[in-house]
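Since the structure comes first, as structure tokens, the remarks are kept for the end.
Laboratory data are not the source of any read-out in this text; all were calculated from the coordinates shown. Since the model is a prediction, treat every value here as computed from it, not as a measurement. Using ideal geometry, Cβ is built from the backbone for each residue, glycine included, and neighbour counts are taken over all protein chains shown.
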Amino acid sequence: MTVTIGPRNHPAYWAFVLHRVSGLALALFLPVHLYVLALAIDDAARLDRFLAWTEGPLVKAAEAGLVVLLAAHMAGGLRLLALEFLPWHEGQKARIAIGAGFAVAVGLAFLLNAF
Amino acid sequence: MDAAPSPEGELTVEIWRGGADGRFRTYRVPRRRNQTVLDAVTYVQRHIDPSLAYRFACRVGVCGSCAMTVNGAPRWTCRTRVERVARRGRVRVAPLRNLPIIRDLAVDMTPFFDKWARAKGHFVPSAAGTQGFAEVAPDSPERRAADAGVECIGCGICYAVCDVVAWNPDYVGPAALNRAWTLVNDVRDGDRAGHLAAAAAGAGCHACHSHQSCAEYCPTGLNPTASIAGLKRMAFVAALKGAP
């Protein structure tokens, strides 16, 4: 039988999807990040060329995306910790909205400083 | 039921026929005012194809036996009006997800209730209970926690909508865990630690991903996710205290 988005279209499920996708994306990003940092020891000139490339607007925009994912994953993680370890709170959807707002705000703050 | 046909004329109802390898068949049903999805299914069985298998009893949202998948979402068909769910005059009715299909719209609820037993979802009398009435303060934290989940009628909607059940068939599911939570909080029960251990074992409460679809779709308005979160919390504290 076909599985549709239908019954999953509610805030808590979207929060789960965002948390999972952001977690996977950050897990993929981290080795690349560490590799680039390692260039500081192995090949400083190459690192400088790479850092010059990252000054481009498209890379900055992509970085803002990463920052949003990181903030969203952190907010989602704190929300889940609160859900599982603190007494139940009826405002789960409000917490999800606050987490989403926090992630967007952090991304905008990054963009303000990026250019 | 209001027998007067509404101006819209006909409704196209797609109904799952056969077992797991079945398919949807299309029927045309006259529209009625205040018609429910159950009315439409019943019309098909009474007037078009008497071999259609489906389940219902009370028709008024008390028994929970008419739960089916309507346009992809699990619902009590007796409490679902056609006018609310029909898209361009069409409604698609399938059996509940995550349960073996017996035939057409009837599913085998055995795995669902077996898991209630696995989560130790039955009351265990205590010795004190035989010596008179138990006095339970209605506003005590335990009674409030139990009251919040006690109205479950076992319709299987939460079990059908839960993706964790779909991903891990061993997961006991929201209804059984919600039941366990009411018993863990029942001060009259003789084995509250046993209920907690059963609910936390294997693919029990800790397997829940907190999608909250169960709470979103429970027709009774219960919140199994809150009950499961309570079990997780209590099991964590019990583990810190060295519970087996």
Per the filter on the range A:9-43, residues more than 21 Å from the chain's Cα centre (by Cα) and exposed (fewer than 10 other Cβ atoms within 10 Å of the Cβ) are A:Ile41, A:Asp42
All-but-one check, A:Trp88 against (1) over 22 Å from the mean Cα position of the chain (by Cα); (2) part of a helix (DSSP H, G or I); (3) under 30 Å from B:Pro74 (Cβ atoms), failing number (2)
Number of positions in the range A:1-50 that are in a loop (DSSP other than H, G, I, E, B) and within 14 Å of chain B (Cβ to nearest Cβ): 7
Just for helices (runs of 4 or more DSSP H) wholly inside the range B:156-244: which have at least 1 residues that are under 18 Å from B:Val124 (Cβ atoms), more than 10 Å from chain A (Cβ to nearest Cβ) and among the small types (Gly, Ala, Ser)? B:174-184, B:192-200, B:224-240
